[in-house]
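This report refers to the structure that appears directly beneath it.
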Amino acid sequence: MTASYASVGEGHHRHTGQNRPAARVDPLAARRAPDDPPWDVYLTGDVFLDIVFTGLDSAPVRGTESWARGMGSSPGGVANMATALARLGLRTSLAAAFGDDHYGEYCWDALEHGEGIDLSTSRTVPGWHSSVTVSMAYEGERTMVSHGHEPPPEEPAPEFPPHARAAVASLTPGRGAPWIAQAAGRGTRVFADVGWDDTGAWDLAGLTDLEHCEAFLPNAEEAMRYTGATCPRAAAHALTAHVPLAVVTLGAEGAYAVDRRTGESAEVPAIAVEALDPTGAGDVFVAGFVTGTLADWPLADRLAFAGLTAALSVQEFGGSLSAPGWSEIAAWWRKVQSVPGQDPEALHRYAFLERLLPTLLPETEDAAPWPLRRAVPTIGFGRSA
């Protein structure tokens, strides 16, 4: 089935002139109530300015100058996840430190005004410069150079995170984050991922906040190292002894999930696409899975949707630049149904999209084009006076 689809290709108030229209699909519309938390998802972390060079014929060669045929700039780091969530229609609140330089101002504007993300718990740090990553994409790979400093110690995440339906946390081996337990104690459903364990310990006991999480979403290698299992599917089952819902991404094979509470498991293959840049794909996958979980979709549909959004993202360059919205999802669904010879069983796997997209992107002249290119060629380009 991996080859069954056609590859289709309140804080500070500032303004960039890059306003995006409000999402036309609210995946939680049927579940909203007057006493709901103000936010669907809360997250915190480090924001980078990403500058992405594209159209390179090869990797840069020592002692030479390389010219790129394209470039874009966008907020990166935790902003990749925040943007992916917001573009799927979730009311997203981000707590982060921003530098008081032009880069920090640009990232703040792009997130608050461009993506509609709440930054009321974020702050600008006087005298602190923004972290920057330069990414060079070529031959389906990427090379990155980053520079930054830790924010001052008086700039942690808020002591009491805002009330939200869900939160996304990145767990750090051997170090807890008090806000995770605080959020879970208020009924927030915490979804966690984890980075590579540079210590080599791979000890689940070191992930002290895992006990407060509803779901854990490692990749196959991480899952097997943490559990000692020799198979990622066995690792997923082993993880359910520590967290109710385990989701293990399998790379080109798709993803596998086990829900301890229901006894349900599901596996969905990946969609075969031509990957241009994998930056941020994992964040987009998590955002898709969180969206489906909050909407109470079946487990297999959640996996399929997460995989679809990730597949769409790798066909574009950049991290937050490539996160798909409902326009791209709807356009993909129309496209694959129109390609002759598609596998009916494979198409059936995504038939749940029909009930989500009945009024999205009718075939009129105001329908948005796809793919949707969001890259901003120059920082501050189009800035209003």
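The values are calculated or read from the model by the stated rules, or taken from the named source; none is laboratory data. Keep in mind the model is a prediction, meaning the values are calculated, not measured. So basically every Cβ, Gly included, is an ideal-geometry build from the backbone, and we count neighbours across all protein chains shown. For the accessible areas, the whole protein counts, side chains as well, though only heavy atoms, and no ligand, DNA or RNA atoms are used. Shrake-Rupley method; radii C 1.70, N 1.55, O 1.52, S 1.80 Å.
When the convex hull of the C-alpha atoms of region 58-131 is computed, what volume per residue in Å³ does it have?
Convex hull volume per residue, Cα atoms: 130 Å³.
Where only protein heavy atoms count, and the probe is 1.4 Å, what is the accessible area per residue for region 287-357 in Å²?
29 Å²
If you split all Cα-Cα distances of region 110-220 into 5 Å bins from zero, what percentages do you get per bin, shortest first?
P(r) over region 110-220, rounded to whole percents: 2, 9, 14, 16, 19, 19, 14, 6, 1, 0.
Using only the alpha carbons of region 204-260, determine the length spanned along each of the three principal axes and report them from longest to shortest in whole angstroms.
30, 20, 14
Working out 0.36 nm times the residue gap between residue 67 and residue 29, then minus their Cα-Cα distance, what length gain in nm do you get to one decimal?
Value of the extension gain: 9.0 nm.
Around residue 199, what is the net charge, scoring Lys/Arg as +1 and Asp/Glu as -1 over all other residues with Cβ under 13 Å from its Cβ?
-1
Rounded to the nearest 10 Å², what accessible area does residue 103 have for a 1.4 Å probe in the complete protein model?
Accessible area, nearest 10 Å²: 90 Å².
Within region 46-102, list the trypsin sites (Lys or Arg not before Pro) lying in a DSSP loop whose Cβ has at most 10 other Cβ atoms in a 10 Å radius.
Working: sites: 62, 69, 87, 91; in loops: 62, 69, 91.
Sites meeting the loop and neighbour criteria: 62, 69.
How big, on average over all directions, is the shadow cast by the Cα convex hull of region 266-340, in nm²?
5.1 nm²
What GluC sites (Glu not before Pro) in region 154-262 are in a loop by DSSP, with at most 16 other Cβ atoms within 10 Å of the Cβ?
154, 159
Taking only protein heavy atoms into account and a 1.4 Å probe, give the accessible area per residue of region 43-131 in Å². Mind dumping the intermediate values first?
On the way: 3240 Å² over 89 residues.
Heavy-atom SASA per residue in region 43-131 reads 36 Å².
Please go through region 28-73 and write out the chymotrypsin sites (Phe, Trp or Tyr not before Pro) that DSSP classes as loop and that have at most 16 other C-beta atoms within 10 Å.
In loop regions of region 28-73 (DSSP not H, G, I, E or B), the sparsely surrounded chymotrypsin sites (Phe, Trp or Tyr not before Pro) are 67.
Using only alpha carbons, build the gyration tensor for region 159-255 and give me the equivalent ellipsoid semi-axes, biggest first, whole Å.
23, 15, 11
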